[in-house]
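Reviewing the structure listed below.
The values are calculated or read from the model by the stated rules, or taken from the named source; none is laboratory data. If you're wondering where the values come from, they're calculated on a predicted model, not measured in any experiment. Cβ atoms come from the backbone with ideal geometry, glycine included; neighbour counts cover every protein chain shown.
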Amino acid sequence: MTRLLILLLLSLTSLSAIAHGMSAEDQARILNASNFEYMHLGATHMLTGYDHLLFLFGVIFFLSNFRDLLKVITAFTIGHSITLVFATLLTIKANYYLIDAVIALTICYKAFDNLDGFNKYLQMSSPSLTWMVFIIGLIHGFGLSTRLQQLPLGDNGLILKILSFNVGVEIGQVLALSVMLIVLVGWRKKDSFQRFSNVSNVALMIAGGLLFLMQLHGYQHTQYADDFPLNEDDHYHLHQDLQRQVLPLLPEPKKLNLNPHSTLVIPTKNPADKSAENLGSQLDKHSHDGEHFHSH
């Protein structure tokens, strides 16, 4: 189990910040989509929403009582359903990188709680799990809404579209939780659970921290694009600038005195007029009188 979490941490470092965002393909496919397709999109979005899944994994990590499990999952479902539906209907938007950054911090929060951090470091009891999960569910639902609003939803049947998407999210959530519970129930029966439970939650906190940094990095790229020279086609222009800086460093024209009446002149390239490739062909030419150049 610990190896699985370590692999997860390594994979997160290579993921795009918007790995579970709405792609251009989603936006094109949803133009004339049915409610079933919205449902499918919601389920897919939840199953690829690693930040949502990591938080849920932290929530159920130590829960073994079915009643407690049902209570907190219901609280989370109600919370994210409220903001998903109403924020989308009222077109309440926010920068999704910032929202996802806050969601990443909720992963750190739950891992800290699982490590008994409130008692050990803050000398206080942990907040009510049910209420905290409900409040955090509101944040996760707003994150889902910001993603859903990236799509061309239109006005016809908007409520049904939103509800269909939300139902899909719930289906994806149930599928993901089922797999998590199977893994955790089997792992709790082994001695390694007690030995590595703290390590696993430390890994969970690190994963949340990495996601937080990734989302802030994405926010900087979108809000302060001019500060990042590699956006769009600037990468190509940067290479051109570097080339122009290097070419003037080429040697100046040299004269080789063969005899008093003959001079070999090697021309250099004007970097503002010719490319580096043409420069190589020019270097093959020479002159015996300083005016007429030719090659052999």
Task: Whichever residue in the range 43-87 is modelled with pLDDT of 95 or more and polar (S, T, N, Q) and, among such residues, is farthest from the chain's Cα centre (by Cα) - done: Thr74
- [ ] Those residues that are among the polar types (S, T, N, Q) and in contact (Cβ under 8 Å) with a residue 12 or more places away in the chain, I need them from the range 53-96; list them, please.
- [x] Ser64, Thr77, Ser81, Thr83, Thr88, Thr91, Asn95
- [ ] Would you check if there is a residue in the range 162-179 being acidic (Asp, Glu), within 21 Å of Thr106 (Cα to Cα) and either surrounded by 15 or more Cβ atoms within 10 Å (Cβ to Cβ) or without any contact (Cβ under 8 Å) to a residue 12 or more places away in the chain (or both)?
- [x] yes
- [ ] May I ask you to list the residues in the range 150-172 that are closer than 19 Å to Asp51 by Cα and either among the polar types (S, T, N, Q) or not in a helix (DSSP H, G or I) (or both)?
- [x] Gln150, Asn166
Open item on the list: Please count how many residues of the range 106-137 are under 15 Å from Thr77 (Cβ atoms) and among the hydroxyl-bearing types (Ser, Thr, Tyr).
Closed with: 1
- [ ] Among the residues of the range 201-219, write down those that are of a type in the set (Phe, Trp, Tyr) and either more than 12 Å from Leu98 (Cβ to Cβ) or surrounded by 19 or more Cβ atoms within 10 Å (Cβ to Cβ) (or both).
- [x] Phe212
